[in-house]
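The values are calculated or read from the model by the stated rules, or taken from the named source; none is laboratory data. Just so we're clear, the structure is a prediction, and the values are computed from it rather than from any experiment. FYI the Cβ positions are ideal-geometry reconstructions off the backbone, even for glycines, and counts take in every protein chain you see. Side chains are part of the model used for accessible areas, which takes the heavy atoms of the whole protein and leaves out ligands, DNA and RNA. Shrake-Rupley method; radii C 1.70, N 1.55, O 1.52, S 1.80 Å.
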Amino acid sequence: MVARHQVLLFAALVVLFAPLRRATGVSGTPVSGEIHTTTWTKAGSPYRVTNTIRVPTGQLLTIEPGVEVLFDDDVPFVVEGRIHAVGMQTDSIRFLRGSTEWGGLRISGGDTSTLAYVRISGGNANGNPDSLWNRGGGLFVNVARVGVSHSVISGNAAAMRGGGLYITDPASHVTFSSCLVTDNATSSGSSNHGGGSYIYGSTVMLKQTLIARNNAGGEGGGLYVFGQSAVNITQCTLVENSAGEVYTGAIGCGNGAEVTLNSSIVWNSGGIPAPDTCHVTYTAIEAGYPGEGNIAADPLFVNAAAGDYRLRSGSPCINTADPSLPGDPDGTRADMGACAYVNPSAELILPQVIAHAGTTVPFPVTARVTDTFGADMAFLLDAGLVESVHVISTAWGETDTTSLAVSGDTVRVSISSAEKRTIVSDVLVELSITLRMDVPVGTVPVTWLPELTDVNEEPATLRDGSLEIRALLYGDVTGDGSLTGLDAAEMLKYRVRLRPTINLTLADVTGNGDVSHLDAALVLYKILHPEYVFPVLGGFVPRPSRGEAWELFWQRDGGSWALMVDNGAGILGGELAIRSNGLRSVSAPDGLVFANQIDGLLTVAFARGKDSGTVLLRIETVDGIAPEIVTASLDEGAIPVVWRGARASLLLAQNSPNPFNPSTTITFLLPEHGNARLAIYSADGRLVRVLVNGASEAGVHRVTWDGRDAEGRDVASGTYLCRLTCRGETLVRRMVLVR
């Protein structure tokens, strides 16, 4: 059997968050008239009631899980024989309005019927006031035995009595178990009793049932009991019901009715009748009530305003129900009310994130879960602060199914998988959040919505988080609120691909749309000169006054080679592509340097941040031979350079990836400024597309080909030639496209 708190949580979600389905056409199976013994199948659903409908005495209607019964005529569904409508938790049966409201499900005739996992909504008993046809908007029972479990009776109305359900006659015996009777109403008027239920002279048992937000024009907003009725209410929650007679907002009684109320919660509903009518034990009642085990303490619902009437940790209703009742699913003494508290074995934790305006930051949701197939999560995040939210990764990786929805301030994430996962204080799902540029500085809370959050459909311990927004501090790529050499180091790592990503907004202090050694150098420069203003904020790049080219050359320096410059004044940083048979080490005597092997060449990026000496780098090679400089750039090319030794050559690297689909990156090196042309040809020499054609600066260039021709059409699989031409020199590489 499904644990009680699971069932009620499922039902609550159905009521609160699944809108009533409305007919949009006439598709389905039309039904009317007399229904003799038969079965309605899911394949035939929806069944559309087009006129008066009745199951005669002695006949049985069986309804399979997943069936919808939609009403296109304002008539009741009359059952004088039997109805067996048993759905499943994941595939319920629904009686709903189609193109019109309807008269409710009316069971009579002395037989026995069963309803399980059924929803009854949109009914309105507003027939002849001189008959019983204006009572019991959702369910009417007269001279019948009916068992109702795990079902929802919601959003129904009656002109007189019993907005949700009406039960009458001493021969009627009805049981409700793990049900919801919510949001039903009678018309205004002092005699219109029982907004949720009206029971007249019958025997009724309600167990583990939520009766909430019902309204009566007369007495008994939640429940009204009249005549020689015997009503036993055990472990139920009656909350936020209202009535014209305010004191009887929860329960009203009259003319000798007897009500036994045990291990329940009656809250925010206006009270119940005097003790001579009601026998109450082990129950939480707002105004207090005489009887063994009764309390007047706040039950501490998880979120009553949102309709979540589960008990929070520390609730006085936990482990205080009648000790003679069976224990809760977690093995403890029974709790008061319909929704048993189970100490959550799962924990979900929202992060405490520090972010700058206009930047994108990771937002990891961590968890402690065991044997978990999935989770539904929802939290509040001020929509005025956020530009966008995205899912980056989950604990299950590629085997899971993930959905993300953002509506106003609510962010909802659902993860499900066929694989179980146990997580011990690790990331369950990592989101990324991009903040707006104009957000104010300060700390804002990020809070869970418990009623929309569960793990394996179980409640979890939830810890809220926060978002601390700081003013945009350019250069602070580490996010620690200050500029240090570590920030410059991270920029250099990114430049030589030792770091895959970086916060581009913070790193681009030059404001030119790129991150290079010069950005790192300017961070070092500002550390030394705090008054300096970055170019992205309107400042300038410090430049030396010398107009002619700087000369670079190698000089032996013990066991290594020193890269020298004839005058080091004013050089902030640089980038080299060099070729060598192997390197042991690379260092910068003044500043920071990082190197990485890229496309067959060693790419070196360094930053100095101040006027320094004539030694830019020291490099120790395996064979002791000076490295060959292929390209060199100082201060992003602002300082012209020449170098002694062999002239740098044109280089066209092999595209990557290769083979490729659908795109590939082509890298080439220009030893000096000149007109360059990079074009793609088919294997038979036919021109496919020109990617570069015109004046180009010296240095490394990377171009992406998306596998399309000059007209934007996808080209076919096959071998293609990439041809680079510059200053009369031509290089060719073969590329393979596999569709």
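Overview of results
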quantity: Reach of Lys420 by Cα under 16 Å, taken over lysines that are not fewer than 8 positions away in the same chain; calculated: none
quantity: Ranking by accessible area, most exposed first, for Asp169, Asp335, Asp298 with a 1.4 Å probe; calculated: Asp298, Asp169, Asp335
quantity: Mean Cβ neighbour count within 10 Å, used as a protection proxy, ranking 83-91, 705-713, 116-124 highest first; calculated: 116-124, 83-91, 705-713
quantity: The stretch 500-533 and the stretch 577-629: distance between their alpha carbon centers, rounded to Å; calculated: 21 Å
quantity: Accessible area (Å², 1.4 Å probe, nearest 10) - Tyr494; calculated: 60 Å²
quantity: Sequence-distant lysines (8 or more away, or on other chains) whose Cα lies within less than 21 Å of Lys493; calculated: Lys526, Lys610
quantity: Euclidean distance between Cα centres, the stretch 184-238 to the stretch 391-452, Å; calculated: 42 Å
quantity: On Cα atoms only, tilt of 517-528 relative to the major axis of the chain in degrees; calculated: 90 degrees
quantity: Radius 14 Å from Cβ of Ser414, net charge of other residues (Lys, Arg +1; Asp, Glu -1); calculated: -3
quantity: Answer label for P(r) over Cα pairs in 20 Å bins from 0, in percent (calculated), chosen among (i) 12, 31, 32, 15, 8, 3, 0; (ii) 13, 33, 35, 16, 3, 0; (iii) 15, 31, 23, 18, 12, 1; calculated: (iii)
quantity: Rounded to the nearest 10 Å², the accessible area of Asp183 at probe 1.4 Å; calculated: 60 Å²
quantity: Gain upon complete extension [Asp91, Thr719; 0.36 nm per residue less C-alpha separation]; calculated: 220.7 nm
quantity: Cα gyration tensor of the stretch 575-654 - equivalent ellipsoid semi-axes, whole Å, descending; calculated: 20, 16, 12
quantity: Distance between modelled label sites at Ser682 and Arg412, nm, 7 Å Cα→Cβ extension; calculated: 5.2 nm
quantity: Amide proton proximity set for Val55, modelled H, under 5 Å, gap of 5+; calculated: Ile35, Val78, Val79, Glu80, Gly81
quantity: Nearest 10 degrees, 0 to 90: helix 4-17 Cα axis against the chain principal axis; calculated: 80 degrees
quantity: Peptides ranked, highest mean first, by Cβ atoms within 10 Å: ranges 231-238, 594-601; calculated: 231-238, 594-601
quantity: Among Thr461, Pro351, Leu428 the positive-end extreme of the charge dipole of the chain (Cβ point charges); calculated: Leu428
quantity: The chain - mean residue ellipticity at 222 nm from DSSP helices (-39,500 (n - 2.57) per run, n ≥ 4, rounded to 500); calculated: -1500 deg cm²/dmol
